[in-house]
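A.B. asks: So that we are looking at the same thing, I have put the structure below in structure tokens.
The values are calculated or read from the model by the stated rules, or taken from the named source; none is laboratory data. Computed from a predicted structure; not experimentally measured. Positions of Cβ are backbone-derived with ideal geometry, glycine not excepted, and every protein chain shown enters the neighbour counts. Accessible surface areas use protein heavy atoms only, side chains included; no ligands, DNA or RNA. Shrake-Rupley method; radii C 1.70, N 1.55, O 1.52, S 1.80 Å.
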Amino acid sequence: MKTSFAGRRLHHEATARIRRFLDHEQPGTPCLVIDLPTVRDRFTAIRDALPGAGIFYAVKANPTPEVVGLLAAEGASFDVASPQEIDLCLARGAAPAVISYSNPIKKARDVAYAHERGVRLFVSDSEHDVRTVARHAPGSAVMLRIVVDSKGSTYPFGKKFGCAPEMAADLLRLAADLGLAPLGVAFHAGSQQLDPHGWDAAIADAAAITLKLRAEGLDLTTVNLGGGLPAGYLDPLPPLAEYAAAITASVSRHFGDFRPRVMVEPGRAVVAESGVLRSEVVLVARKSYADERRWVFLDIGRYGGLAETEGEAIAYPLRTSRDGAPLDDGPTGPVVIAGPTCDADDVLYQDTCYHLPLDLRAGDHVDLLCAGAYTASYSSVAFNGFEPLATYCVR
Ligand SMILES: *Cc1c(COP(=O)(O)O)cnc(C)c1O
């Protein structure tokens, strides 16, 4: 049974820092508070777990300027998808040489803009895009993204991105013919990939293409393992070291004597655990005398930034202002949790069985933990007039 108390997942000090900020500043809700030391800690943990790998932070997970600036100062590289994300990284101190334009779906003028700003690494998955890069970012390095089976992940990428391995090989040959520098194969094994071996099949495909093309004389040097490293929500996870060990073993097994340079593009795993999203209870209601479940309406929902509750894919740990001490919780009961807008889909959890305090009422706070990834960046401009999610950083 999932209960409302899971604060132990966040570092003790991080929780204390965020609490101090919330108690002292009393910011309007909903709001997201990012603990910058936790971002630094997660980034360095990934870097230490994968020594020698290029760590390209996927900016879309949380584009807060302070987060990008902190990571740039720590020596991170960046995975971007648009001119706006390029400008953000450059403005926050990243050099163009550490930016990868990893979105295979891009306009010619955006490629030209990236090139003009000094970006020299692109990921493609189609002939048209390879030709676009060759034309508007001449001489750049290019990686070809392959489609992979991302079972084991909470968010499989399906067939939208990547092409078949044999097509990727042809497009790498084409890239060389067009004067680009073919660098290697890229993929994404699905976001919140829970299986430490979830990268293995794709690494095997990438190695097969790489070794074949190297034998033909193309100087492929790199494999881009994409994102997918998971964050700890309600359910326990294997430790990061287990993912790193499985990935490293797959790379050596499939690439054999050739040691490729490794790139990873973590988003969620860098920022999720740094964030607490504070919301206020708008209404607690019963829908019938027969149904024991109360409906708890928060001032944040699907459109205010909780897009990842769609299909209840991500279940955030919750903590309320009525929770007792960890071992001394008061009585709780089952709830449905919903957002504040007039949209029927704006229900966060009805199948995930959350239990919240029986005395919870309008005006109380409900904190969503582990909410630093894919929240503020998903919040709508003003659906039903609700403002976009505000982000604060503590250090
Ligand atoms: C979104 C994205 C990532 C980050 O994925 P996470 O699952 O958050 O680590 C990495 N690479 C690409 C190309 C992406 O689109």
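A.B. asks: What is the percent carbon and sulfur in the accessible area of the chain, measuring with a 1.4 Å probe over the protein chains and ignoring ligands?
C.D. replies: Ligands and nucleic acids excluded, carbon and sulfur reach 53 percent.
A.B. asks: For Asp41 and Lys107 in one chain, what is 0.36 nm times their gap in residues minus the Cα-Cα distance, to one decimal in nm?
C.D. replies: Answer, rounded to one decimal: 20.2 nm.
A.B. asks: OK, next. Take each of the peptides 289-298, 375-384, average the number of other beta-carbon atoms within 10 Å over its residues, and list them starting from the highest.
C.D. replies: My ranking of the peptides, most packed first, is 375-384, 289-298.
A.B. asks: Want the number for Asp170 to Ala344: 0.36 nm per residue separation, take away the alpha-carbon distance, what's left?
C.D. replies: Full extension of this stretch gives 57.9 nm more.
A.B. asks: So which of Lys107/Lys159; Lys160/Lys212; Lys106/Lys212; Lys106/Lys159 end up more than 24 Å apart, counting from Cα to Cα?
C.D. replies: Beyond 24 Å: Lys160/Lys212; Lys106/Lys212.
A.B. asks: Ordered by packing density, taken as the mean number of other Cβ atoms within 10 Å over each peptide's residues, highest first, how do 52-65, 270-283, 17-30 rank?
C.D. replies: Put in order of decreasing packing, that is 270-283, 52-65, 17-30.
A.B. asks: So with the 1.4 Å probe, I'd like the accessible area per residue for the chain, rounded to whole Å².
C.D. replies: Ligands and nucleic acids excluded, the figure is 43 Å² per residue.
A.B. asks: If you fit an axis through the alpha-carbon atoms of helix 240-255 and take the longest principal axis of the Cα set of the chain, what angle between them do you get, 0 to 90°, nearest 10?
C.D. replies: That works out to roughly 20 degrees.
A.B. asks: Summing +1 for each Lys or Arg and -1 for each Asp or Glu, what net charge is found among the other residues whose Cβ lies under 15 Å from the Cβ of Val262?
C.D. replies: Here the charged neighbours net out to 0.
A.B. asks: Something else now. How many angstrom lie between the C-alpha centres of the range 16-56 and the range 228-293?
C.D. replies: Between the Cα centres of the range 16-56 and the range 228-293 lies a distance of 15 Å.
A.B. asks: A further question on this structure: Using all alpha carbons of the range 241-395, what is the percent of pairwise distances in each 5 Å bin, ordered from the shortest bin to the longest?
C.D. replies: All Cα pairs considered, the percentages come to 2, 8, 15, 19, 15, 12, 8, 6, 5, 4, 3, 1, 0, 0.
A.B. asks: Right, something else. Could you work out which residue, out of Asp177, Asp205, Asp195, moves most in a Gaussian network model of the chain, that is, has the largest mean-square fluctuation with Cα springs under 10 Å?
C.D. replies: Of Asp177, Asp205, Asp195, the most mobile in the Gaussian network model is Asp177.
A.B. asks: Toward the positive end of the charge dipole of the chain, about the Cα centre and with charges on Cβ (Lys, Arg +1; Asp, Glu -1), which of Pro37, His365, His355 goes farthest?
C.D. replies: In the chain, that residue is Pro37.
A.B. asks: Also: Would you calculate the separation in nanometres between label points at Arg135 and His197, each defined as 7 Å from the Cα along the Cα-to-beta-carbon direction?
C.D. replies: Result for the modelled spin labels: 4.6 nm.
A.B. asks: Pick out, from Ala73, Ile46, Val59, the residue whose Cα sits farthest towards the positive end of the charge dipole of the range 35-78, with +1 on the Cβ of Lys and Arg and -1 on the Cβ of Asp and Glu.
C.D. replies: Val59
A.B. asks: Calculate the translational D of the range 52-187 in whole µm² s⁻¹ from Stokes-Einstein, where the hydrodynamic radius comes from the Kirkwood formula applied to all Cα pairs, the temperature is 37 °C and the viscosity 0.692 mPa s.
C.D. replies: 217 µm²/s
A.B. asks: Relative to the present Cα-Cα distance, how much length would full extension add between Glu387 and Asp23 at 0.36 nm per residue of separation?
C.D. replies: Length gained between Glu387 and Asp23: 128.9 nm.
A.B. asks: Taking a quarter of the surface of the Cα convex hull of the chain, what do you get in nm²?
C.D. replies: With every direction weighted equally, the projected area is 19.5 nm².
A.B. asks: Of the options Gly324, Met263, Pro236, report the single residue whose Cα projects farthest towards the positive end of the charge dipole of the chain (beta-carbon charges: Lys, Arg +1; Asp, Glu -1).
C.D. replies: Met263
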